[in-house]
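Let me begin by presenting the structure, written as structure tokens, before commenting on it.
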Amino acid sequence: MPGYILHAGATVMCAHGGPAQPFSPNLRVKVTGQPVVTQPLVYLVSGCANPTPPVNTGPCISAQWLMGAQRVKVMGQPVLLQDSQALCTPTGTPLTIVMTQMRVKAM
């Protein structure tokens, strides 16, 4: 199913409200002036409000994407879409894509 391509300027948050940013987006391809983000890229989470042990598992530190586009790739890596799924470490909670560009779609 087609979805909008995720870019470095997109608003992405962990389940506890911490903002997440790509560690190193692909600078060769851009949409709306922002670099696209590919699947193997790790997102870093800052400001996660999840309590530390022993109350809970601690704040989200990073997130790994589970799947990207099936047909569109950048330098051999699938681009991430607005409906792509990611899991945070160490909590195992998902990232939520709040807002991304609304011009370019991929499958």
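The values are calculated or read from the model by the stated rules, or taken from the named source; none is laboratory data. For clarity, every value in this text was computed on a predicted model and none was experimentally measured. Cβ atoms come from the backbone with ideal geometry, glycine included; neighbour counts cover every protein chain shown. Areas reflect the complete protein model, heavy atoms only, side chains present, ligands, DNA and RNA absent. Shrake-Rupley method; radii C 1.70, N 1.55, O 1.52, S 1.80 Å.
Annotations
- Complete set of residues in the stretch 1-21 that are loosely packed, with under 14 Cβ neighbours inside 10 Å and assigned to a strand (DSSP E or B): T11
- A Cβ distance below 7 Å, combined with a sequence gap of six or more or placement on separate chains, defines the contacts here; from the stretch 40-57, residues that are closer than 22 Å to A10 by Cβ reach residues that are outside any loop (DSSP other than H, G, I, E, B) and open to solvent by 80 Å² or more (accessible area, probe 1.4 Å) in the pairs Y43/Q21; L44/Q21.
Here's the yes/no breakdown for (1) at pLDDT 95 or above; (2) of a type in the set (S, T, N, Q); (3) more than 23 Å from T91 (Cα to Cα):
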position	(1), (2), (3)
I5	yes, no, yes
G18	yes, no, no
Y43	yes, no, no
P53	no, no, no
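- Scan of the stretch 36-49 for residues that are within 16 Å of A86 (Cβ to Cβ) and either open to solvent by 70 Å² or more (accessible area, probe 1.4 Å) or in a loop (DSSP other than H, G, I, E, B) (or both), ordered by number: V37, Q39, P40, L41, L44, S46, C48
- Screening S24 against (1) among the small types (G, A, S); (2) in contact with a Leu (Cβ under 9 Å, 6 or more places away or on another chain); (3) open to solvent by 70 Å² or more (accessible area, probe 1.4 Å) leaves a single unmet condition, (3).
- Residue count for the stretch 87-107, restricted to those that are in contact (Cβ under 8 Å) with a residue 60 or more places away in the chain and touching a Pro at 6+ places or on another chain (Cβ under 9 Å): 5.
- Test: H16 is under 23 Å from M107 (Cα atoms) and touching a residue at least 40 places away in the same chain (Cβ under 8 Å): no
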